[in-house]
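Remarks on the structure that follows.
Every number in this text was worked out from the coordinates using simple rules, so none of it is lab data. These figures come from a predicted structure and were not determined experimentally. Cβ placement follows ideal geometry from the backbone for every residue including glycine, while neighbour counts extend to all protein chains displayed.
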Amino acid sequence: MRNVVRIVIKEFHQFRRDPKMFGIILVAPVLQLIVLGYAATLDVESARAIVLDLDRSARSRELIERFRAADFFETAGYVESYDELERRLDLGDAMFAIVAPKGFERAIERGETATLQAIFDGSDGNAVMIASGYLSRLVAAYSEDVLVERSLRGGGAAAIGAVVPEPRVWYNPELESRYFMVPGVVGLLLSLITLVLTSLAVVKEKEVGTLEQLIVTPIKPFELMVGKITPFIILGFAAVVVVLGAMWIVFGIEVRGSLWFLFLASFFYIFSTLGIGLLVSTFSKTQQQAMMIAIFLGMLPMVFLSGFAFPIENMPEAAQAASVVIPLKYFMTIIRSVILKEAGFAELWREAAALLGMGVAILALASLRFRKRID
């Protein structure tokens, strides 16, 4: 252990000579968390709409006025024809268009079904789904008011029984995507720090020739490997503490579940990312190669197949099968469940066991290859 401790001290001396490293590890994650926390959002604050009123009646104007009064919708102007409507949507002036057809008021007065056309720009499917939901609720509320008005005008018809849903939303009552995305950003930043920086640090030793100097010293390969990765374990935990603190201070998202279990799961996950970083370093001769391999073969598959932004259950079967070997998938489940759902070991032991098994396997494979390269 004396040799390992000396290597760890040597690594921290090297970090001290490179102040940028501490900035990358401790300051950059906080800045990235803030930027991504606000930028990586699926919320839609407002939807711009253009209006084509072909009926030009009191009823059509009344409904359009409701859209204008709603906080979610913003009127981007009126058009006189479908050709102009299509041109405005092509230019991206609005997310959707509202068309009140001819005979809209007449159908309402006759007690018939009156249709309102909504034409959406489907470039952003998520935004369209949210806007169409708001649109449906607004039109349903207007329809209910019309029925009540007709009932009162007819002398008060008997009330008709109905089933009325009363939805309740747990864990995120305001339905803000930030509560889903920010914990995921914490896992993503931990991956970036431990995976990319580990691969770069080892390759840097090769480039400057200090790795060969270490090899000729009476240090065993295992001691060298443990001494190289220990500082990154410590810095990784420091980054987790800093980022969780920033998440609480900036976004008001606190850890509701077991904090010790979250740190334990982070430790298991760091095994995986450090192992991948070491594995990348054995295939790379320069820091540029290490960066490219770490990003394209490590980070990108983790981002796309971990459930960070895209639900795994919506992916093709082949992609779902590939996600089984992605460590970040299990860590995403743990960190989001612990932070948002007050979950702990009893609920997430399977994911923790999967992380531990994968971490030990990846680190063992990387250790064997690393030892082979330096023997």
Subject >> Distant-in-sequence amide H partners of Phe73 (H built 1.01 Å from N, under 5 Å) >> reply: Ala47
Original post:
Once amide H atoms are placed 1.01 Å from N in the peptide plane, what residues at a sequence separation of 5 or more from Tyr78, or on another chain, have their amide H within under 5 Å of its amide H?
Top reply: Val51
Original post:
Build a GNM of the chain with springs between Cα atoms under 10 Å: which of Gly357, Gly133, Gly187 gets the top mean-square fluctuation?
Top reply: Gly133
Original post:
Counting DSSP beta bridges in the range 47-153, what percent are antiparallel, to the nearest 5?
Top reply: 30
Subject >> Whole-Hz ³J(HN,Hα) from phi, Karplus 6.51 cos²θ - 1.76 cosθ + 1.60, for the range 341-357, glycine and proline x >> reply: 10, 6, 7, x, 4, 4, 8, 10, 5, 5, 5, 5, 5, 4, 4, 5, x
**OP:** Please give, to one decimal in nm, the separation of the simple spin-label points placed at Met1 and Val241, each 7 Å out from Cα toward the Cβ.
**Re:** 2.1
Subject >> Cα shape, the range 294-339, gyration tensor, a/c 1.5 rule >> reply: oblate
**OP:** Report, ordered by chain and residue number, the aspartates and glutamates lying within cross-link reach of Lys206, taken as a straight Cα distance under 19 Å and ignoring same-chain residues fewer than 8 apart.
**Re:** Glu11, Asp18, Glu223, Asp375
Subject >> C-alpha long axis of helix 2-17 to longest principal axis of the chain, angle in ° >> reply: 60
Subject >> Among Leu264, Leu135, Leu274: highest mean-square fluctuation, GNM of the chain, C-alpha pairs under 10 Å >> reply: Leu135
Original post:
Taking a threshold of 27 Å on the Cα-Cα distance, which of the pairs Lys10/Lys220; Lys228/Lys341; Lys228/Lys285; Lys10/Lys329; Lys285/Lys329 fall above it?
Top reply: Lys228/Lys341; Lys10/Lys329; Lys285/Lys329
Original post:
Of Leu305, Leu63, Leu356, which is the most mobile in a GNM of the chain whose springs link Cα atoms less than 10 angstrom apart?
Top reply: Leu63
Original post:
For the residue pair Asn314 and Leu259, what label-to-label distance in nm results when each label sits 7 Å from Cα along the Cα-to-beta-carbon direction?
Top reply: 3.5
Subject >> Beta bridges by DSSP in the chain, antiparallel share as percent, to the nearest 5 >> reply: 30
**OP:** Treat each spin label as a single point 7 Å out from the Cα along the C-beta direction, and report the Arg106 to Phe72 distance in nm.
**Re:** 3.2
Original post:
Do any GluC sites (Glu not before Pro) in the range 304-355 lie in a DSSP loop with no more than 15 other beta carbon atoms within 10 Å, and if so, which?
Top reply: Glu342
**OP:** Mind checking the full-extension length gain between Ile295 and Asp83? Use 0.36 nm per residue of separation minus the Cα-Cα distance, one decimal, nm.
**Re:** 71.7 nm
Original post:
Let a ≥ b ≥ c be the square roots of the eigenvalues of the Cα gyration tensor of the chain; is it rounded (a/c under 1.5), or, if not, prolate (a/b larger than b/c) or oblate?
Top reply: prolate
Subject >> Leading residue at positive end of dipole, the chain (Cβ point charges), from Gln213, Ala265, Phe12 >> reply: Gln213
